[in-house]
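First the structure, which I've put down as structure tokens, then a few questions once you've had a look.
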Amino acid sequence: MSNVTAENQRVRIAAPGRINLIGEHTDYNDGYVLPAAIGQHMEFEIEKNGDQALCRISSEALQKTMQANLNHLKPGEGWENYILGVLSEISKYSGKLRGFDANFRSDIPQGSGLSSSAALECGMAYGLNALFELGLPSLDLIRLSQEAEHRFVGTQCGIMDQFACVMGRKNQFILLDCRNLEYRYIPAALGAYSLLLISSGVKHSLADSAYNERRAECLKGVAHLQKTYPKIESLRDASLEHLECLRHTVSDTVSQRCRFVIEENARVLKAAEALEHSDMETLGALLSDSHKGLRDDYQVSCREVDFLVDTALSFPEVLGARIMGGGFGGCSLNLVRTDAVERVSEQLCMAYRQSFGREAEPLEVRISDGVRLL
Ligand code: GAF
């Protein structure tokens, strides 16, 4: 591996954040998503330190530092768990991992819904795989990073973020079927339009618990659907007609969650088609419908991002807008005529400041390659 330097003692890695054009909360329901890796990324330097088990990880930029012992890995505090989880999971795949020193920095704004967590997991996993020549294929790195988040962080996330971080490709969206991980790239050709992200700067504290709650509600819906339709394995297999049988057996809330997922799955496929046919009007309308579903049925939006979306949609140059990512804060994704991006972005931020007394941050999006050696 030519980029592993000083007789295979050190690697440098870039691990990107991600956007998701459409398909929220569909990944853990075996459904479709349409994400892409972006220019904002984490950079890691990882070096063997000669010890059997001692790992030292720090980030001067983020003022973080931690140590771990490969022989005693158990969940710790906050951000450390993403790394501890990866070390624990990767040790299950290979016994060749040894002590190392790592340093990282990031330009992925935290809490903006751009998945700095997947970048941290996948960057570490990819770097250790290269440095210690573990020979793990990309799919294993994706799966073990997701598993790390389940077991050490406690978020029962789907696979979209880790998949996008590892498999991203410059100027391409990834249409991913989360049931079997089949995927294809679709060129990010938006014609006269661009994607504008506006970070609300808020991340409501219930985000993690509410995420797991949504997942449990979907599973509950499936368990009830299966009583009438035993062939349904996940919401991916259900249609709106199937939902009729839930009417008197589960709460309205569970029905609403299921309806959103079924509709969102259909929207992803339509959006992929619209993208391939350069039909930006249809794409924009799908984004806005996705937002309505996330706000009203899945109930993962918040007033700050609703405001950003509603205000954006009042501009004729904006074809569609929605909350992006897991929800409860983060950013809005807007499909905006390229020649109006600057003006729309300025006015949105100004309106946000006037209404909430805080700053929204416009983020430039460049669709980039996935995790890689530098
Ligand atoms: C978070 C999760 F990590 C993803 O797996 C996905 O479910 C997303 O929220 C919502 O679409 O980013």
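Anything in segment 191-221 that is buried (at least 21 other Cβ atoms within 10 Å of the Cβ), among the aliphatic types (A, V, I, L, M) and out of contact with any Gly (no Cβ under 9 Å at 6 or more places or on another chain)? List them, or say none.
Selection gives L195, L196, I198.
For segment 115-159, enumerate the residues that are among the aromatic types (F, W, Y) and within 16 Å of the ligand (Cβ to nearest atom).
Keep residues of segment 115-159 that are among the aromatic types (F, W, Y), which gives 126, 132, 152.
F152 - this is the single residue of segment 115-159 that is among the aromatic types (F, W, Y) and within 16 Å of the ligand (Cβ to nearest atom).
To keep it simple, each residue is scored yes or no on (1) hydroxyl-bearing (S, T, Y); (2) without any contact (Cβ under 8 Å) to a residue 60 or more places away in the chain; (3) outside the structural domain of M324 (by TED's automatic domain parsing).
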position: A118; (1), (2), (3): no, no, yes
position: A125; (1), (2), (3): no, yes, yes
position: S138; (1), (2), (3): yes, yes, yes
position: V153; (1), (2), (3): no, no, yes
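When residues of segment 40-82 are filtered for being buried (at least 18 other Cβ atoms within 10 Å of the Cβ), farther than 18 Å from V11 by Cα and among the hydroxyl-bearing types (S, T, Y), how many remain?
1
While we're on this one: Out of curiosity, is F173 farther than 18 Å from G85 by Cα, outside any loop (DSSP other than H, G, I, E, B) and touching a residue at least 40 places away in the same chain (Cβ under 8 Å)?
For F173, the condition - farther than 18 Å from G85 by Cα, outside any loop (DSSP other than H, G, I, E, B) and touching a residue at least 40 places away in the same chain (Cβ under 8 Å) - is met.
Hey, could you check segment 291-329 for residues that are within 16 Å of the ligand (Cβ to nearest atom) and in contact with a Leu (Cβ under 8 Å, 6 or more places away or on another chain) and say which is nearest to K203 (Cα to Cα)?
F328
Cβ-Cβ below 8 Å, separation at least six or inter-chain, first residue in segment 19-41 and over 19 Å from K292 (Cα atoms) and in the same structural domain as N180 (by TED's automatic domain parsing), second of a type in the set (F, W, Y) and within 12 Å of the ligand (Cβ to nearest atom): which pairs?
Within 8 Å, the pairs are P35/F163.
The values are calculated or read from the model by the stated rules, or taken from the named source; none is laboratory data. Nothing here was measured: the structure is a model prediction, and the numbers come from that model. Heads up, the Cβs are rebuilt from the backbone with ideal geometry, glycines too, and the neighbour counts pull from every protein chain shown.
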